[in-house]
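Data first, discussion second: the structure below is written as structure tokens.
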Amino acid sequence: MVHLSVNRLLKRYAETGLNDMIYRFNGITLDTTAFRLFGPGGPIAIEPKVFDLLVYLVEHRERVVPRDELLASIWPERVVSDSALSACLKAARKSIADNGIEQKLIKTVHGRGYQFVADLTDNSESRIDDSKYGETRSGIPAICIEQFSCLPENSELLALTEELQDQITVRLARRTGIHVVSGSPHAGGPVNSDYVLHGRVRFLASKCSVSIKMIWCKKTDLLER
């Protein structure tokens, strides 16, 4: 589940709009609206955390990003080792045809952190032409929100769960650049959605916990929690 959370995604739409959320450099297209990476030959497979790290460095390319800041941003509320960051950074470089020796795109500034140093190219073509890769889509992510589960199940808690799901659906639907569809691609619903949003609500005494995950329909990677 991606650390690039739904709230973060919505914040980007509100602050920057669609055009600024697609970055092009060195023959690479980084689509932060749909969590996708493209190279000259088509889509590039990339792990969620690696994608997050790459996006963070690109969005803060005007400065050197300290290691501690990357750890706090990519793994908030979790303690991870420096080796996890190093492995993630190595994978990010590999995904964009860079490496730790040449450092053409992501530079290590010893004792300070890392900086994305590639020049961005013209971003006037805001949408990716997926027809070149055998795909068709509008360029706007479509999210299918499935019915949230509730534990324990009783009429009052189910009503609260449905209200929570409705609020999330309404907030997403009001955002430009996001298309909310109904039904489920796993249960005979729309098969053209890019993402499926699942939710689980647990009630314990006076406390309530909500777990949300978003799955990319075209790949089994877990994108959001």
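Here are a few things to note about the model shown:
- Set side by side, the residues Asp119, Asp68 differ, and just one is of a type in the set (D, E, K, R) and touching a residue at least 40 places away in the same chain (Cβ under 8 Å), which is Asp119.
- Residue in the stretch 110-118 that is touching a His at 6+ places or on another chain (Cβ under 9 Å), under 15 Å from Leu53 (Cα atoms), modelled with pLDDT of 95 or more and of a type outside the set (Lys, Arg) present: yes
- Spans of strands (runs of 3 or more DSSP E) in the stretch 122-225 with at least 1 residues over 20 Å from Arg36 (Cβ atoms) and modelled with pLDDT of 80 or more: 142-145, 149-151, 195-204, 207-216
- When the stretch 100-120 is filtered for residues that are farther than 22 Å from Phe35 by Cα and outside any strand (DSSP E or B), the ones remaining, listed by number, are Gly100, Ile101, Glu102, Gln103, Lys104, His110, Gly111, Arg112.
- Condition check for Leu57: modelled with pLDDT of 90 or more, in a helix (DSSP H, G or I) and either aromatic (Phe, Trp, Tyr) or in contact with a strand residue (DSSP E or B) (Cβ under 7 Å, 6 or more places away or on another chain) (or both): yes
The values are calculated or read from the model by the stated rules, or taken from the named source; none is laboratory data. Predicted, not measured: the structure shown is a model, and the values here were computed from it. No Cβ is skipped: glycine too gets one built from the backbone with ideal geometry, and neighbour counts run over all protein chains shown.
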